[in-house]
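A.B. asks: Right, I'll just put the structure down here and ask away after.
The values are calculated or read from the model by the stated rules, or taken from the named source; none is laboratory data. Just so it is clear, the model here is predicted, and its values are computed rather than measured. Note: ideal-geometry Cβ built from the backbone for every residue, glycine included; neighbour counts use all protein chains shown. Heavy atoms of the whole protein, side chains included, go into the accessibility calculation; ligands, DNA and RNA do not. Shrake-Rupley method; radii C 1.70, N 1.55, O 1.52, S 1.80 Å.
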Amino acid sequence: CCVFELATQLPLAHAGVRPGPATLAAQGAMLHAAMASAGQAVGLGAGAIDAAVTIDAQQHLLLRALPQREGVLLHAVLDSGNLALARLQLERLDAMLTF
């Protein structure tokens, strides 16, 4: 998991062994750009990106904007588990994140 600034891809916080913070920030920025481009292509307005991608039904990528900090995103890689529960827990953490 990595919290990073979108404009600079600067990691602000990181947890886990691998991938490292720079990789998560760079991949999160690319995922954000792809999601924003796809949204524009189908006529959706600009807004905060909140995306989940499931790979092989067991691995998940989560990308979400932090509501307290404009331009700051969280990118998480989950090896297994319940995606809906993980998203719910991240939403609960929003109120607790201060930096």
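A.B. asks: Anything in the stretch 53-68 that is closer than 24 Å to T8 by Cα and surrounded by fewer than 16 Cβ atoms within 10 Å (Cβ to Cβ)? List them, or say none.
C.D. replies: Once the filter is applied, which keeps residues that are closer than 24 Å to T8 by Cα and surrounded by fewer than 16 Cβ atoms within 10 Å (Cβ to Cβ), the stretch 53-68 yields V53, P67, Q68.
A.B. asks: In the stretch 33-47, which residue that is within 17 Å of the chain's Cα centre (by Cα) and of a type in the set (G, A, S) is most open to solvent (accessible area, probe 1.4 Å)?
C.D. replies: If we take residues in the stretch 33-47 being within 17 Å of the chain's Cα centre (by Cα) and of a type in the set (G, A, S), then A46 is most open to solvent (accessible area, probe 1.4 Å).
Table: residues versus (1) in contact with a helix residue (DSSP H, G or I) (Cβ under 9 Å, 6 or more places away or on another chain); (2) free of Cβ contacts under 8 Å to residues at least 12 places away in the same chain; (3) within 27 Å of A7 (Cβ to Cβ); (4) not hydrophobic (A, V, I, L, M, F, W, C).
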site: L44; (1), (2), (3), (4): yes, yes, yes, no
site: G47; (1), (2), (3), (4): yes, yes, yes, yes
site: A52; (1), (2), (3), (4): yes, no, yes, no
site: L63; (1), (2), (3), (4): yes, no, yes, no
site: E70; (1), (2), (3), (4): no, yes, yes, yes
site: H75; (1), (2), (3), (4): yes, no, yes, yes
site: L83; (1), (2), (3), (4): no, no, no, no
site: R87; (1), (2), (3), (4): no, no, yes, yes
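A.B. asks: Within the stretch 54-61, identify whether any single residue is β-branched (V, I, T), farther than 17 Å from F4 by Cα and either at pLDDT 80 or above or out of contact with any Leu (no Cβ under 8 Å at 6 or more places or on another chain) (or both), and answer yes or no.
C.D. replies: Scanning the stretch 54-61 turns up at least one residue that is β-branched (V, I, T), farther than 17 Å from F4 by Cα and either at pLDDT 80 or above or out of contact with any Leu (no Cβ under 8 Å at 6 or more places or on another chain) (or both).
A.B. asks: Scan the stretch 15-32 and give yes if some residue there is within 20 Å of Q89 (Cα to Cα) and either in contact with a helix residue (DSSP H, G or I) (Cβ under 9 Å, 6 or more places away or on another chain) or exposed (fewer than 12 other Cβ atoms within 10 Å of the Cβ) (or both), otherwise no.
C.D. replies: yes
A.B. asks: Is the stretch 69-92 home to any residue that is part of a loop (DSSP other than H, G, I, E, B), touching a Ser or Thr at 6+ places or on another chain (Cβ under 7 Å) and either open to solvent by less than 90 Å² (accessible area, probe 1.4 Å) or more than 15 Å from A13 (Cβ to Cβ) (or both)?
C.D. replies: no
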